[in-house]
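The values are calculated or read from the model by the stated rules, or taken from the named source; none is laboratory data. Note that the structure is a prediction, hence the values are computed from the model and not measured. FYI the Cβ positions are ideal-geometry reconstructions off the backbone, even for glycines, and counts take in every protein chain you see.
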Amino acid sequence: MMRTQFAKHAVLFVYSMSLFLSICLAACEPPVALTPIPTQKATATEPTLTATSTPILEKPTPLMILETPTPTLAAGQVDYQPMIRQINQLMEEVDYDVGVAFVDVLTGQSFSLGREGRFHAMSTFKGPLAAYYLWLIEQGEIEEQAGDHYFIEDMLTWSSNTDTSCMFKRVGGIPDFNDWLADQGLSRENNFVYSWHKWICMEHGVQYAPAPDERYRLGDPALDLPGNGVLLQCPDSGVPCDKAALPLDLAEFYARIYRGQVLSTENTERWLGWMEKPLPITSMFDSLPPEAQDSVHAYTKNGFHPADNEYPMNFYHEAGILETPYGAFALAVFMQDNPEWRGTDIHGQIGLLAYVNFVMRHER
């Protein structure tokens, strides 16, 4: 399933050794290359890694246990406590909300840091929507139509909203997509699309706008969904939550796709091809130095919106997979209420820390 890994070359080795030696495996300052962020917020909690029994997990356990400062690692696992401390230190220096989720695809280890709970999803749901389309084809429930790949490519590359409506049309609407997310292990109340009616798909002279999934407004006792519009807040006051996502759920879902646990090998490769981004475009990995960029692949989808009359704060989220010569990891960085637009420096700093720590531990 995984793409052919590039051979480790001399330039990456020299860079890696110099960068890796600069990061102490104990609690330390962030790498010198990171740009400090000069604001303050409450101290983030520091989770502790939880040992797992097998190298690959269907559903990695979020690492939010605080009692054990030094975890006992299972065979095949690695120590991510230095990275957790470094990311926490970054988030202590900002006065806006950041939620981070990391999943080591090789070991199944995962953790969630920063702001707890779900965020407004923005357009981050579009990566899973493309996977759902391929899954339906595999199941024989729909047939690919000419031009579908143009809808998907524009949806994932330019985040085209009208093309997204066309994809909702192709997969049978929003409720079926929400049910599939829940079947894939994403918590139903934290990961959904309620409505997407503002953007019209025009196909063969016919207009289409997907109907909302009213279960998320009115409630559904059979699904344990509350009514009275409770889920349509994110839960931030004043933020209409017609779409929601939990960063850790999304990162774990992406790790499962990369392992081949969602789609066939052929369709996994196709999905990765749609999701791949040049590193200058992806905010999480744009701070990797050129020597490292030559040997990795980034598969990501972002979602963002500047503050306006509808949304009282800035949003910028990104989630995806970074494939390195030593394996892959999934990462999600969700950010809101940053007074600076787009303000994605912290995405790049977290992505660099994740890359350095992952490679440092797996190249051995």
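Overview of results
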read-out	value
One residue from Pro82, Pro128 being within 21 Å of Ile257 (Cβ to Cβ) and in a helix (DSSP H, G or I)	Pro128
Qualifying residue in region 201-218 (condition: in contact with a Cys (Cβ under 9 Å, 6 or more places away or on another chain) and either among the polar types (S, T, N, Q) or within 17 Å of Thr124 (Cα to Cα) (or both))	yes
Selection from region 330-347 of residues that are touching a residue at least 40 places away in the same chain (Cβ under 8 Å) and of a type in the set (Asp, Glu)	Asp337, Asp345
Options Met275, Met284; residue that is touching a His at 6+ places or on another chain (Cβ under 7 Å) and closer than 21 Å to Thr300 by Cβ	Met284
Selected residue (only one of Glu252, Glu318 is within 15 Å of the chain's Cα centre (by Cα) and assigned to a strand (DSSP E or B))	Glu318
Scope region 131-167; condition part of a loop (DSSP other than H, G, I, E, B), among the small types (Gly, Ala, Ser) and closer than 17 Å to Glu203 by Cα; matching residues	Ala146, Gly147, Ser160
Which numbered condition Thr164 fails, given (1) modelled with pLDDT of 95 or more; (2) surrounded by fewer than 24 Cβ atoms within 10 Å (Cβ to Cβ); (3) farther than 28 Å from His362 by Cβ	(2)
Conditions (1) under 15 Å from the mean Cα position of the chain (by Cα); (2) in the same structural domain as Asp148 (by TED's automatic domain parsing); (3) of a type in the set (Lys, Arg); number of the one not met by Lys277	(2)
Failed item in (1) assigned by TED's automatic domain parsing to the domain that holds Gln336; (2) of a type in the set (Ser, Thr, Tyr); (3) surrounded by fewer than 23 Cβ atoms within 10 Å (Cβ to Cβ), with Ser110 passing the rest	(3)
Where a residue in region 272-293 is under 24 Å from Gln261 (Cβ atoms) and modelled with pLDDT of 90 or more and its partner, wherever it lies, is among the small types (Gly, Ala, Ser) and not in a helix (DSSP H, G or I), with Cβ under 6 Å and at least six apart	Lys277/Ala298; Thr282/Ala298; Phe285/Ala298
Residue in region 169-188 that is under 22 Å from the mean Cα position of the chain (by Cα) and of a type in the set (Phe, Trp, Tyr) present	yes
Members of region 219-249 found to be assigned to a helix (DSSP H, G or I) and touching a residue at least 60 places away in the same chain (Cβ under 8 Å), listed by number	Pro247, Leu248, Asp249
Given (1) surrounded by 18 or more Cβ atoms within 10 Å (Cβ to Cβ); (2) at pLDDT below 95, index of the condition Asn267 fails	(2)
Looking only at region 278-292, and only at residues there that are touching a helix residue (DSSP H, G or I) at 6+ places or on another chain (Cβ under 8 Å) and not in a loop (DSSP other than H, G, I, E, B), the one that is surrounded by the fewest Cβ atoms within 10 Å (Cβ to Cβ)	Glu291
Candidates Glu153, Glu141, filtered to the one that is under 16 Å from Ser264 (Cα atoms) and of a type in the set (D, E, K, R)	Glu141
Every residue from region 337-364 that is under 21 Å from Phe253 (Cβ atoms) and either within 16 Å of the chain's Cα centre (by Cα) or outside the structural domain of Asp294 (by TED's automatic domain parsing) (or both)	His347, Ile350, Gly351, Ala354, Tyr355
Residue list for region 154-192, restricted to those being farther than 18 Å from Leu134 by Cβ, of a type in the set (Phe, Trp, Tyr) and in contact with a helix residue (DSSP H, G or I) (Cβ under 6 Å, 6 or more places away or on another chain)	Phe192
